[in-house]
1. Looking at Ile141, Ile162 in this structure, which one is of a type in the set (Val, Ile, Thr), farther than 18 Å from Gly18 by Cα and assigned to a strand (DSSP E or B)?
2. Anything in the stretch 3-40 that is part of a helix (DSSP H, G or I), in contact with a strand residue (DSSP E or B) (Cβ under 7 Å, 6 or more places away or on another chain) and in contact (Cβ under 8 Å) with a residue 40 or more places away in the chain? List them, or say none.
3. Does Leu165 satisfy the condition of being crowded, with 16+ Cβ neighbours inside 10 Å and modelled with pLDDT under 90?
4. Within the stretch 326-347, restricting attention to residues that are closer than 21 Å to Asn147 by Cα and touching a Lys or Arg at 6+ places or on another chain (Cβ under 9 Å), which residue is surrounded by the fewest Cβ atoms within 10 Å (Cβ to Cβ)?
5. Inspect all residues belonging to the stretch 197-213 and state whether any of them is of a type in the set (Phe, Trp, Tyr) and part of a loop (DSSP other than H, G, I, E, B).
6. From His101, His140, His135, which residue is without any contact (Cβ under 8 Å) to a residue 24 or more places away in the chain and assigned by TED's automatic domain parsing to the domain that holds Leu8?
7. Select, from Thr315, Thr279, the only residue that is in contact (Cβ under 8 Å) with a residue 12 or more places away in the chain, polar (S, T, N, Q) and surrounded by fewer than 19 Cβ atoms within 10 Å (Cβ to Cβ).
Amino acid sequence: MSVKIVSLFSGGGGLDLGFRQEGYEIIWAVDNNANAVATYKHNLQDNIICRDINEVPLSEIPKADVVIGGPPCQSFSLAGNRNVEDARGQLVWRYIEIIEHIRPRAFVFENVTGLLSARNAQKEYIVDLLKQAFHDIGYHISSKVVNAADYGVPQRRKRVLIVGLRGGDEFQFPEATHSEEGVGLKRYVSAEEALGDLPEAIFDESGRVRYAMPPQNEYQAAMRKDGREDVSEHFVSRLSELDRYIIEHVRPGGNYMDIPAEVDSARIRRLQRDGGHTTCYGRLSPDKPSYTINTYFNRPNVGCNIHYSEQRLITVREALRLQSFPDSYEVISSSKQGRNLIVGNAVPPMLARVIAHKLKEYISGED
């Protein structure tokens, strides 16, 4: 019998894809972003609705064995202003209401690491309140900051995972399969290992181009396992003359420290003087994983988004590769930024699959 999933805040379906690859059955999903819902339907299945979760009556949400999903994380992000009292911050409590209504055997809650230091107006830590609320409705809670690179994703993406089990067990997170040096484990998958087989990027925004070579390693083969002859969304972002000049001067693994003094930018001078935001104007290192793929990977000044060897930013397809989405996955969006939001906000499917596989040990065979 299949394990039934209800997916909340589903986005483009990164978390869902990993669970489905492990044989789980997604019976209901919801997100309020029309582009994300269209992408989900294109790549996974049709049974997702586009609605505000606060407006969905609990009676319309079906019973399921597992609930997965993470409320929008901007309120807890380490970047920008944090306001846990805003509408998005309050969505975590709606998540708990739904768990209490459905009473699943287990749930998986994902969020940014900023959640760990977020506090409310009374200076209480939000994560402690969350854990207590889950405990009060009958769940044993395990939480951990996981790094996607530890499980074969070519990206140093750290996220908080909270797994709740109804009953006496406590979830033990899977052991890492990869490490920086590879001592006793596989080495981290590097940016070049993840992207090196992709053809030359084009300027046509369809981005559809034929592969020029077969897969060169295990990761590339996994991304191309559907056997397609071409790949989509592999197009070059338009850049200003200044941005092109900056990119030409940033070395592999480098950042704003490589930008020449003649570039007239108070922000760059401030970063060079004071430090911080070390991935800003960053170029990928070919022999290391990328840093976190964010929702602005089409800009050089927000994160490490410059290709390791070419004088351009990474393409949408390359961002998807670094997120561990298969090449068959395509983004449906009415705008460029809408597309980038879907990719940057996603849970890497490869990480999701590892968690889904481990969770089977706790819920298989139960009544």
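1. Of the residues listed, the single one that is of a type in the set (Val, Ile, Thr), farther than 18 Å from Gly18 by Cα and assigned to a strand (DSSP E or B) is Ile141.
2. Hits for the stretch 3-40 are Leu15, Asp16, Phe19, Ala34.
3. Against the criterion (crowded, with 16+ Cβ neighbours inside 10 Å and modelled with pLDDT under 90), Leu165 does not qualify.
4. Among them, the one singled out is Pro326.
5. Let us first name the residues in the stretch 197-213 that are of a type in the set (Phe, Trp, Tyr), namely 203, 211.
Those left that are additionally part of a loop (DSSP other than H, G, I, E, B): 203, 211.
Yes, there is a match, as at least one residue in the stretch 197-213 is of a type in the set (Phe, Trp, Tyr) and part of a loop (DSSP other than H, G, I, E, B).
6. It is His135.
7. From the options Thr315, Thr279, the qualifying one is Thr279.
Okay, residues lined up against (1) at pLDDT below 95; (2) over 15 Å from the mean Cα position of the chain (by Cα); (3) small (Gly, Ala, Ser):
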site: Ile314; (1), (2), (3): no, yes, no
site: Pro326; (1), (2), (3): no, no, no
site: Gln337; (1), (2), (3): yes, yes, no
site: Asn340; (1), (2), (3): no, no, no
site: Ala352; (1), (2), (3): no, no, yes
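The values are calculated or read from the model by the stated rules, or taken from the named source; none is laboratory data. Predicted model, so just to flag it, every value in this text is computed and none were measured. In this analysis, Cβ positions are derived from the backbone assuming ideal geometry, glycine residues included, and neighbour counts consider all displayed protein chains.
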